[in-house]
Amino acid sequence: MKLALACGAVLLAGAALAQDTAPPVSADFVALFSSYCLQKFPDDGALAALAATDGLEPFSPAQIKATLHKDGMGWMVSRAGVAYLLTVEQASLHSCALRRTSEQMLDGAPLIAAAGLTAQ
């Protein structure tokens, strides 16, 4: 679980550096991160099964190497016109991450709240 929270910590660190108040990550981002990284990870089989059930587009081996530069799994996720990358690194650090491109820093407080609920 600590490794899964690393993605949220990066968002919080970036938000702390922003001069203006950063908008929070979207509810879709929190729901996706929670569903895959907090509820299924570190069980790679359960995470992959949920991705298949949800009809996520899996990465090819070449896309995995280009994205992670090591062994892992990944899927393209689209919600409300926003593209997300869901990845699981399997070499060195076993970690789960959800990424999206944003033109500004986002406040990760909703991710920390979701992680707190999962830990209880």
(message) Counting just the Cα atoms, what span does region 53-120 cover along each of its three principal axes? Round to the nearest Å and put the largest first.
(response) 34, 30, 29
(request) Quote the charge dipole size of region 6-119 about the Cα centre in Debye, to the nearest 20; the model charges only the Cβ of Lys and Arg (+1) and of Asp and Glu (-1). (result) 120 debye
(request) Output the Cα-based Rg and Dmax of region 6-119 in Å, rounding Rg to one decimal and Dmax to a whole number. (result) 14.0, 41
(message) Could you tell me which residue out of L106, A62, T21 lies farthest along the dipole of region 6-119 toward its positive end? Charges go on the beta carbon: Lys and Arg +1, Asp and Glu -1, centred on the Cα centre.
(response) A62
(request) Quick one: order V82, V25 by neighbouring beta-carbon count within 10 Å, fewest to most. (result) V82, V25
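Every number here is computed from the coordinates shown, using simple stated rules; none is lab data. Predicted, not measured: the structure shown is a model, and the values here were computed from it. Glycine also receives a Cβ, built like all others from the backbone with ideal geometry; neighbour counts cover every protein chain displayed.
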